Amino acid sequence: MFWDLIQQNEIDEQKAKADTLEARVEYLEEELSKTKALLLKTLHILEERSGQDIDGDGKLG
């Protein structure tokens, strides 16, 4: 009986860690998406103002 309780506790702890990790990954993915969007906006403004194709895509802005 004690062994079952110990195992259940371990399972519960691992699930909590996994849930926390999943939430962290989701948060980081959202932050990465926001960072990419901001970087692209910044790049477009830099290209428009400098008149140079900074990212090499063949167009300005």
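Is it the case, given these coordinates, that residue 31 is open to solvent by less than 80 Å² (accessible area, probe 1.4 Å), in a helix (DSSP H, G or I) and at negative phi?
Against the criterion (open to solvent by less than 80 Å² (accessible area, probe 1.4 Å), in a helix (DSSP H, G or I) and at negative phi), residue 31 qualifies.
Conditions first: (1) within 16 Å of the chain's Cα centre (by Cα); (2) open to solvent by less than 100 Å² (accessible area, probe 1.4 Å). Residue 6 passes all but one, so which condition is the exception?
Condition not satisfied by residue 6: (1).
For the stretch 41-61, enumerate the residues that are in a loop (DSSP other than H, G, I, E, B) and not β-branched (Val, Ile, Thr).
51, 52, 53, 55, 56, 57, 58, 59, 60, 61
The values are calculated or read from the model by the stated rules, or taken from the named source; none is laboratory data. Please read all numbers here as calculations on a predicted model, not as lab measurements. Keep in mind that these areas ignore ligands, DNA and RNA; they rest on the heavy atoms of the full protein, side chains included. Shrake-Rupley method; radii C 1.70, N 1.55, O 1.52, S 1.80 Å.
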